Amino acid sequence: MFTSVGVLAVVALGVGIGLSRTGDLSASPMPAYASLVGDFTCITSTDGSCAVTPGLNATPDQLTVEAWAQDGGSDSKVPIVATNVGDYGFVLHANDPDGAPVARRRIHGSYVAWFHCASNAGPPCRHQHGGGQTVAGTATALPTEPATTPDDSTTSPVPGPTSTVLPSSVATSPAGLPQPGQSTPAVVRTAPGVTAAPATTAPAPANGAALQWADEFNGAAGTGVNKADWTAVSGSHHGELECYTPKSSNVAMDGQGDLVLTSRREAGCDGMPYTSGRLEGVNKRTFKYGYFEVRAKMPTAPGAFPAFWTLGANYPSVGWPRSGEIDIVEVTSNVPASVHTNIHGVDTAGKSWQSGWGGAGTYASSSNVGDAFHTYGLNWTSSALQYYFDGKLIHTISRSSVPVWLWDQENYLLLNLAITSTSGPDVQTMDVDYVRVYSAKP
C-alpha cells in the first residue's frame with residue numbers, strides 16, 4: 001500500500017515540467033491524439049525520486065507533470081524531472097531550488113499523458129465506434145508549445161527502474177512453482193494475553209487445508225471490530241488525502257455480516273479533506289505462511305484506493321520497506337476493472353524496490369470490480385507468493401526472482417480505504433464480508 005497511484009481527473013491542467021518523445025507522426029496525414037489526465041501522490045526516497053505507476057498501458061508521446069511537496073500542511077511547488085516514462089507510468093525526481101533532493105517528502109500533483117492514437121493503444125484511444133474504428137479520446141490535437149524537454153545529460157541522476165520497479169523478468173510464470181497442495185502450513189502467533197478469536201462460520205476447507213483464523217464481521221450494526229485482532233488506527237498516512245479515525249462513522253459493522261470502512265468528505269486531522277477507516281493487526285495477531293483471503297466489495301469511484309495487505313511484524317522497529325510488504329489486492333479508481341498485486345522490499349544494497357504494478361502483477365477483470373463482491377487471495381509459502389482473484393491464480397512471485405526474500409517472518413494484516421483525489425463522491429464504502437486464513441489453499 002506504500003504505492004504511488006495515478007487517479008483520473010476531469011479538470012483542465014496547465015503545462016508543467018514536460019518530457020517529450022520523438023515519434024514518427026507521418027503514418028497518418030491527420031494524426032489523432034488523446035490525453036489521459038491524472039492525479040498522483042508519492043513519498044520520495046533519500047535521493048528525491050519516486051515512481052508514479054498509474055498503468056498507462058502504452059508509452060505516451062508526450063507527458064507534462066506539475067508537482068507540489070507538502071510540509072507541515074502548506075504546499076510549495078517543486079521543480080521536477082520525469083524520466084523512465086513507459087507503459088507503467090514514470091519516475092519523478094524532485095530537487096529544491098538549491099539543487100538538493102527533496103528527500104522523504106510527500107509529493108503530489110497532476111499529469112497529462114498525450115497518446116498518438118494512429119499508432120498507440122493507450123487507454124484514451126480505446127473509445128470504440130461502429131465497425132470497431134478506434135478514434136481519439138478527450139483531445140484532438142497535441143499542444144503546439146509543449147514545455148521544454150529536459151536534457152537528460154545535464155539533469156541529476158535518477159535511479160533506473162531496478163530501484164523503483166523490479167524488472168519484468170521478476171514477475172515469472174507460475175510454471176514449476178509449488179502447487180497449492182504443497183503449501184507450507186501456516187503458523188499463527190497471538191500476542192500474550194490476547195483473547196482467542198470468536199467462532200467462525202466459515203465452511204470447512206478442502207484439500208487438507210485447515211482454517212487457522214477468521215473474522216466474519218457478524219457484529220451488530222454500528223459496533224466496532226474485535227480489539228483482540230484489530231486496531232482501528234488514527235491519523236494520516238503516506239501522503240494520501242484521508243485522516244483515519246476509529247469512529248463508527250468510518251469503521252463499523254453493518255449488522256448484515258459485513259465490516260464497512262467509510263470515507264467521508266469532511267475535515268480530518270492534519271488538514272486532510274476526508275476521514276476514512278483503516279484496520280491493522282500489529283502487535284495483536286501475526287501469521288507466517290498459509291492462504292489468506294478476503295471477500296469484499298471494493299469502491300472504484302474517483303479517488304478510491306482500497307487495499308488488503310500485510311507488513312512484517314518487525315515494521316515498528318526496522319521501518320518500511322525493510323519490513324517487507326505484500327499487497328494481496330489494491331484497487332485504483334482509474335482502472336476499476338483491474339486487480340493490482342505487489343510486493344515491496346529492499347535489494348542487497350538496501351534500496352527499495354517493488355514488483356507487480358504495471359506488469360504481471362496487474363490482472364484485467366472482465367468488469368468493474370466495484371460492482372460486486374469478489375474474493376482476493378494469497379497463497380504464501382517459503383518459496384513463492386501466489387495471488388488469486390475469485391479462485392483463479394493470477395500472479396506468482398518466486399523466491400528466486402527477487403533481490404532479497406523478506407517473507408520468512410511473521411506478518412500482520414491490514415485493511416484500509418485510502419483516498420487520493422478530491423474529484424470523487426462525498427461518501428465511499430469498502431464492504432468486507434470476511435477475512436480468513438488457512439494453512440494452505442483450500
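For TYR412, the requirement of being among the hydroxyl-bearing types (Ser, Thr, Tyr) and in contact (Cβ under 8 Å) with a residue 40 or more places away in the chain is met.
Under the condition of being buried (at least 18 other Cβ atoms within 10 Å of the Cβ) and outside any loop (DSSP other than H, G, I, E, B), the residues counted in the range 266-287 number 9. When every residue of the range 227-249 is checked against the conditions, none turns out to be open to solvent by 30 Å² or more (accessible area, probe 1.4 Å), modelled with pLDDT of 95 or more, acidic (Asp, Glu) and not in a strand (DSSP E or B).
Among what's in the range 76-105 and is surrounded by fewer than 17 Cβ atoms within 10 Å (Cβ to Cβ), among the charged types (D, E, K, R) and touching a residue at least 12 places away in the same chain (Cβ under 8 Å), pick the residue that is farthest from GLU330 (Cα to Cα). Only one residue tops the list, namely ASP96.
Selection of the range 356-385 for residues being part of a loop (DSSP other than H, G, I, E, B) and in contact with a strand residue (DSSP E or B) (Cβ under 7 Å, 6 or more places away or on another chain) yields GLY356, TRP357, ALA360, GLY361, SER365, ALA372, PHE373, SER383. Take the conditions open to solvent by less than 10 Å² (accessible area, probe 1.4 Å), aliphatic (A, V, I, L, M) and within 25 Å of ALA440 (Cβ to Cβ) and apply them to ALA313. Does it pass? So ALA313 does not fit the description; no.
When GLY193, GLY181, GLY176 are checked against the criterion of being modelled with pLDDT under 55 and not in a loop (DSSP other than H, G, I, E, B), a single residue qualifies: GLY181. The residues of the range 296-337 that are modelled with pLDDT under 95, among the β-branched types (Val, Ile, Thr) and not in a loop (DSSP other than H, G, I, E, B) amount to a single one, VAL318. Residues that are part of a loop (DSSP other than H, G, I, E, B) and over 16 Å from LYS247 (Cβ atoms) within the range 210-226 comprise ALA210, GLU216, PHE217, ASN218, ALA220, ASN226, listed in sequence order. Among the residues of the range 154-164, is there at least one that is more than 26 Å from the chain's Cα centre (by Cα), closer than 30 Å to GLY345 by Cβ, at pLDDT below 50 and surrounded by 14 or more Cβ atoms within 10 Å (Cβ to Cβ)? Checked the range 154-164: at least one residue is more than 26 Å from the chain's Cα centre (by Cα), closer than 30 Å to GLY345 by Cβ, at pLDDT below 50 and surrounded by 14 or more Cβ atoms within 10 Å (Cβ to Cβ). For the range 338-355, the criterion of being in contact (Cβ under 8 Å) with a residue 24 or more places away in the chain, surrounded by fewer than 24 Cβ atoms within 10 Å (Cβ to Cβ), part of a loop (DSSP other than H, G, I, E, B) and among the β-branched types (Val, Ile, Thr) is satisfied by at least one residue. Annotation note: of LEU63, LEU56, the sole residue that is modelled with pLDDT of 75 or more, closer than 18 Å to THR362 by Cβ and crowded, with 19+ Cβ neighbours inside 10 Å is LEU56.
The values are calculated or read from the model by the stated rules, or taken from the named source; none is laboratory data. Predicted model only: the values in this text are computed from it and were never measured. Every residue, glycine as well, gets a Cβ built from its backbone with ideal geometry; the counts of neighbours run over all protein chains shown. Ligands, DNA and RNA are stripped out before the accessible areas are found, and what is left, the full protein with its side chains, is counted by its heavy atoms. Shrake-Rupley method; radii C 1.70, N 1.55, O 1.52, S 1.80 Å.
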